[in-house]
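Comments concern the structure below.
Derivation of every value follows stated rules applied to the coordinates shown; laboratory data play no part. Here the structure is a predicted model, which is why all the values come from computation and not from measurement. Neighbour counts run over all protein chains shown; Cβ positions are idealised from the backbone, glycine included.
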Amino acid sequence: MNLRDELASRFLRDLLAGAAGRAFVLNQAAVAEATDEGHVFDVVLSAARALRGDDAGLDEDPQLDKTIVKHRDDELRHAELFRGCVARQGVDPGDVPARLRLVDAIDRETGGVASAPIVDRLGVMRAYLVLQVIEERAVHQFGLVEPAMRPFDPQSAAVLRSVLDDERRHVKYCRAVSRRYAPDPLTLAEELGRFRLAEARAFRDHSRRNMTHILDAGLVESPFKTAMWRGVVALSSRSKELPFTPFASATPLDRAPLAFAA
């Protein structure tokens, strides 16, 4: 585990020690699964169906529709599971503020790809590449949250483990669909590298906003630890390092994006 992940794991243990902190994290996960990612599925599915018979190059593809629906339904089921976990905490976490919705931040960083109308095969590829980087982040983050949750709420930890298995499968869905609709391997690799870069930038900024919100809301119950974590946030704001997931290459994509494709 690298230093960034070690710090994240320690912060999660301090946050998840309290019911309010657990409710906050689980509610964020529920909203992301149902509302934020759900919108991407709606865009892709409606486009895939609308373009049938058009001259955009999308022929009848029942397997694509089936994969999209299965993927979407999994995420809606995950959201219900997470809502159940939130309810067990006995704390109302309230709404997730717009500024703390990671998928929206990723969409902005990618130039609105996830929410833009899809008019051709390239659009399907790009939408599923955005979903891929979202799922890659989910796999990584749930892998950190689950062991941090386990000592305080084993039932929610078990839910996270089951969701994590699904998210690993979803990464494979995304790879298969984006590969099918890519015009060529080079374009696929270049676009995936571009979206991983955008996602890492979005996640870096989101993490800082999220930690600041958590600390301001008193969700870490120890005043001493709250002060300590404020110092970590201040230090991290000076760093230019991007938090790529293990799925991404260690190549500094912001300086040499084409090296990743090679």
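Using alpha carbons only, how many angstrom separate the centre of the stretch 190-243 from the centre of the stretch 1-34?
What the calculation gives is 12 Å, centre to centre.
Using the Karplus equation 6.51 cos²θ - 1.76 cosθ + 1.60 (θ = phi - 60°), what ³J(HN,Hα) coupling, rounded to whole Hz, does each residue of the stretch 74-88 give in order, writing x for Gly and Pro?
4, 5, 5, 5, 4, 4, 5, 4, 5, 4, x, 5, 4, 4, 5
Can you tell me which lysines have their Cα less than 28 Å from the Cα of Lys225? Leave out same-chain residues fewer than eight positions away.
Answer for Lys225, where 28 Å is the Cα cut-off: Lys240, listed by chain and number.
What's the FRET efficiency of Met228 with Ser162 using the Cβ-Cβ distance as r and R₀ = 22 Å, to the nearest 0.05?
After rounding, the FRET efficiency stands at 0.10.
Need the full-extension length gain, Asp95 to Val119, defined as separation in residues times 0.36 nm minus the C-alpha distance. One decimal, nm.
5.3 nm
For the stretch 68-221, just say rounded, prolate or oblate: build the C-alpha gyration tensor, square-root its eigenvalues into a ≥ b ≥ c, call rounded for a/c under 1.5, and beyond that prolate if a/b exceeds b/c, oblate if not.
Taking the square roots of the gyration eigenvalues as a ≥ b ≥ c, the stretch 68-221 is prolate.
Once the dipole of the stretch 63-211 is set up with Lys and Arg at +1 and Asp and Glu at -1 on Cβ about the Cα centre, which of Leu144, Ala114, Pro185 lies farthest towards its positive end?
The residue sitting most towards the positive pole is Pro185.
What ranking do 226-234, 67-75 get when scored by the average of other Cβ atoms within 10 Å per residue, highest first?
67-75, 226-234
Residues in the stretch 137-166 near a label at Glu221, defined as backbone nitrogen under 18 Å from the 7 Å Cα→Cβ point?
Once the point is set 7 Å along Cα→Cβ of Glu221, 148-157 turn out to lie under 18 Å by backbone N, inside the stretch 137-166.
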